[in-house]
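The values are calculated or read from the model by the stated rules, or taken from the named source; none is laboratory data. Keep in mind the model is a prediction, meaning the values are calculated, not measured. Here the Cβ positions follow ideal geometry from the backbone for every residue, glycine too, while neighbour counts run over all protein chains shown.
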Amino acid sequence: MNIREATAADAAQLQRIYAPYVEHTAITFEYDAPDAEAFARRIEQTRQTYPYLVAEQDGVIVGYAYAAPLKTREAYRYAAEASVYLDAAQTGRGVGTLLYEALERVLVRQNVCLLYACITEPRFENDPYVTDGSIRFHTAMGYAAVGRFPRCGYKFGAWYSVVWMAKELMPRPETPPPFVPFAALIRPLPL
């Protein structure tokens with residue numbers, strides 16, 4: 001398994017992984033899957049400030065993870081939101097763990113102290129559109145629930161709640177060092 005930086009050239013493979021989440025799950029609240037061109041723009045835009053990583057096996061991308069701003073106000077720059085998506089055949093094989101560990105190492109180099117994840121909750125046991133797998137994954141990765149937005153997203157004719165989970169990547173210093181944008185990081189990265 002190779003973890004590396006994503007590029008715009010990876011867009012079609014990432015779109016292939018992401019589209020089923022949009023079309024068949026409530027894991028993401030998007031209604032329409034972006035095409036490869038839109039995906040390429042997202043990758044390039046994200047990479048200016050935050051990491052966008054892929055897991056590759058035998059030349060095929062099997063998962064990806066990226067960070068985004070928690071909020072846009074400057075005081076939030078030491079906190080970020082993480083997302084991970086895997087090819088359906090790769091869940092439960094450690095790919096998500098490898099991606100998150102690499103993502104966290106890069107974010108620490110950027111001086112990000114806190115990482116958050118916004119996770120859709122299943123409405124009931126055996127919900128056809130979402131499981132508790134992401135909550136279990138994040139718990140195993142050291143994240144703790146810090147908040148819940150009840151019934152805030154409407155998809156597939158139902159209202160879904162989200163849980164916010166957080167992990168401290170490093171202690172918050174009295175005076176933090178400057179935030180380092182992803183594009184300004186010295187290579188090679190600690191992937």
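Data overview
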item: Test: residue in the range 177-190 that is part of a loop (DSSP other than H, G, I, E, B) and touching a strand residue (DSSP E or B) at 6+ places or on another chain (Cβ under 8 Å); result: yes
item: Residues located in the range 145-176, provided they are assigned to a loop (DSSP other than H, G, I, E, B), charged (D, E, K, R) and more than 18 Å from A80 (Cβ to Cβ); result: E174
item: Qualifying positions in the range 12-32 - part of a helix (DSSP H, G or I) and within 15 Å of V84 (Cα to Cα); result: Q13, L14, Q15, R16, I17, Y18, A19, P20, Y21, V22
item: When residues of the range 136-191 are limited to those that are over 30 Å from Y31 (Cβ atoms) and among the charged types (D, E, K, R), the one farthest from the chain's Cα centre (by Cα); result: E174
item: Residue list for the range 145-161, restricted to those being of a type in the set (A, V, I, L, M) and farther than 16 Å from P128 by Cα; result: A145, V146
item: Long-range neighbours under 8 Å by Cβ, at least six apart or interchain, first residue surrounded by fewer than 18 Cβ atoms within 10 Å (Cβ to Cβ) and outside any helix (DSSP H, G or I) within the range 130-144, second of a type in the set (D, E, K, R) and at pLDDT 95 or above; result: D132/E121; G142/K167; A144/K167
